[in-house]
Each structure stands twice: as structure tokens, then as C-alpha cells.
1. Which percent of the accessible area of the range 22-152 is formed by carbon and sulfur heavy atoms (probe 1.4 angstrom)?
2. Using helices alone, I'd like the mean residue ellipticity at 222 nm for the chain: each DSSP H run of four-plus residues gives -39500 (n - 2.57), total over residue count, nearest 500.
3. For the pairs Lys100/Lys149; Lys27/Lys67; Lys27/Lys149; Lys100/Lys145; Lys27/Lys145, flag any whose C-alpha to C-alpha distance is greater than 20 Å.
4. Sticking with the crude label model, points 7 Å out along Cα→Cβ, report the distance from Phe34 to Tyr97 in nm, one decimal please.
5. Which whole-percent values make up P(r) of the chain when all C-alpha to C-alpha distances are grouped in 10 Å steps starting at zero?
6. Net charge around Asp71, counting only other residues with Cβ within less than 13 Å of its Cβ (Lys, Arg = +1; Asp, Glu = -1)?
7. Using amide H atoms built 1.01 Å from N in the peptide plane, name the residues 5+ places from Ile135, or on other chains, whose amide H lies under 5 Å from its own.
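The values are calculated or read from the model by the stated rules, or taken from the named source; none is laboratory data. This is a predicted model, so every value here is computed, not measured. No Cβ is skipped: glycine too gets one built from the backbone with ideal geometry, and neighbour counts run over all protein chains shown. Please note that ligands, DNA and RNA were not included when accessible areas were found on the heavy atoms of the full protein model with its side chains. Shrake-Rupley method; radii C 1.70, N 1.55, O 1.52, S 1.80 Å.
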Amino acid sequence: MIYQNIAIDYKQFQYPQAVERALEFLKAHDFTTFEGGRYPIEDDLMYANVDIVNTRIYEETKIEGHKDYMDVQFLVTGEEKMEVLIRQTFPDMVEAYEDKDCYFYDSTQGGTVTIDVRSGDYCIFYPGELHRTLIAPHEVQQIRKVVVKIHKSLLTEEE
């Protein structure tokens, strides 16, 4: 998991090329003007979901993970908390949506690290990194975020 702000020069971190392309996409657009929905970047290998959603109380959120796609979650407006599951073993899967590459896990297995996310911040979750998002930091609020999905095949590209 990587947590950073879009204003920081991400090229210094030597991310995979696909991640740099995703961050360039995020920097190049004013997402306050976008309607919610899916926007192709590189066909089905990389695309952006623009979400206009409400945060939720903690108990209404779930630990999730993905097998085939990396998430680059970019908060456009609002605030949310995110958690990353730190684990010794992989927890039990409780729900699976293979067509969406979205899997939910038993949140009682393993410890977590909590992150305060504000406008302009992004979090990168690699395939297999379990995370919980949309947690209301103080009270439920509407946020706007963009989740760029990057297929794992793009993460091994050569320069």
C-alpha cells in the first residue's frame, strides 16, 4: 500500500510505468466536472471509476481485495478514512464477485492500519492487499473520488 498526495512529484518514487500513467491521468483532469461512471484509459486494462458516494459508519464498511487489478484511489473532494489489513495469514473470504474482481473478507482476522485521506491524496492498493474504504472520519458526508483500476499485467512492463 502506498499513500501520498498528488501534488508531490511521484516520478521520484519510481512507480511502475502503468501507475505513472494513471497518476498523469488523475493530474490532467478536473474530476469535479465529471459525472459518475466508468472512463476508459487503456481499454479494460486500465480504467477510471468516478464515484460520487457517501462515506459510511465503520460497521457498514467491508474489507475488500482484488486478484487481478490494482486500485489507485484518488480523493477529489471530502474526507474519508481507509484501513489496510495487516495480516499473518490470509483471512477467510466471505463474499466473492469474480466478474468485478471484488472479494470481501472476514474483518476480525488480522490487525489494521488506519489512514486519514483528504482531497488530493491517493492510496495505491496492489492486487491482494486488503483494504476498507469509505469510512466516515467524523460524520457521514458525500465525497467524490476516482478509482483507477490497473490490470496486473501492466505492472510488469519494461521501460
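1. Values: 3020 of 6530 Å².
It is 46 percent, rounded to a whole number.
2. Details: 1 runs with 12 residues, N = 159.
Result for the chain, helices only: -2500 deg cm²/dmol.
3. On the way: Lys100/Lys149 11 Å; Lys27/Lys67 26 Å; Lys27/Lys149 16 Å; Lys100/Lys145 18 Å; Lys27/Lys145 13 Å.
Cα-Cα > 20 Å for Lys27/Lys67; rest within.
4. Each label point lies 7 Å from its Cα, and together they span 1.8 nm.
5. All Cα pairs considered, the percentages come to 10, 40, 39, 10, 0.
6. Working: positive: Lys67, Lys100, Arg132, Lys145, Lys149, Lys152; negative: Asp51, Glu64, Asp68, Asp101, Glu129.
Local charge sum for Asp71: +1.
7. Arg56, Lys81
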